[in-house]
Structures are given as C-alpha cells and as structure tokens.
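This report refers to the structure that appears directly beneath it.
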Amino acid sequence: MKRILPRRAVKKRNRGIPVCDFVMSLVYNLLAGGAHLSDLEELRSEAATRKHLYELNVPAPTTAGEYLAKFTTGRIKQLEGVIRMAVHKAA
C-alpha cells in the first residue's frame, strides 16, 4: 500500500501568538509608556521597534482584548503579578 499511495506532506501551521510573546508584548507596552491596548499598534508597526524586541510577535489590539477577555479573575491576578515582576526586573 505504501508503494501505491504517494506520501503526502501535511503542512503544520503555527496558529496564534505564543503566550510568552503575548505577555511580553503587554510588558513592553507598559515599559514604552503605553496605557491602552491600542498602544500595541505602535509596537506592531515600527520596524525598528520590532527589531529591538527580538522579532516578538505583538498581537493586534483587538486580538489582545479578545485574549484578555477569556481570562478569569484569578488568571488576571497571575498575569498582573508576572507583568509586575517583569517590569521590576527591566527597570
């Protein structure tokens, strides 16, 4: 059977933004003075900024909002803690 049917390669897709990139995008947004999710657009659109962020996959503001809307209160507290720690280490 293997000889009759040609082997097909299945393309594996990387969908979405990795969680670490999402969190670091929020951290960098705060460090850059961003106060709103819409400020993520600046991180996304500036080629020089993206280079300095090591080609980080920055989510679109609407994507970030949709992602955050899925969080429970406990998860938001955890995310705040991670962001606080990252900002403190970066300062």
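Every read-out reported here was derived from the displayed coordinates using simple, explicitly stated rules and does not represent laboratory data. On a predicted model such as this, the values are computed, not experimentally measured, just so you know. Neighbour counts run over all protein chains shown; Cβ positions are idealised from the backbone, glycine included.
List of remarks:
- Shape category assigned to segment 30-90 from the gyration tensor of Cα positions, a/c cut at 1.5: oblate
- Taking S25, S45, S38 and counting other C-beta atoms within 10 Å, the order from fewest to most: S45, S38, S25
- Cβ crowding within 10 Å ranks Y67, Y28 as Y67, Y28, fewest other Cβ atoms first.
- Neighbour counts of C-beta atoms inside 10 Å place K51, K70 in the sequence K70, K51, starting with the fewest.
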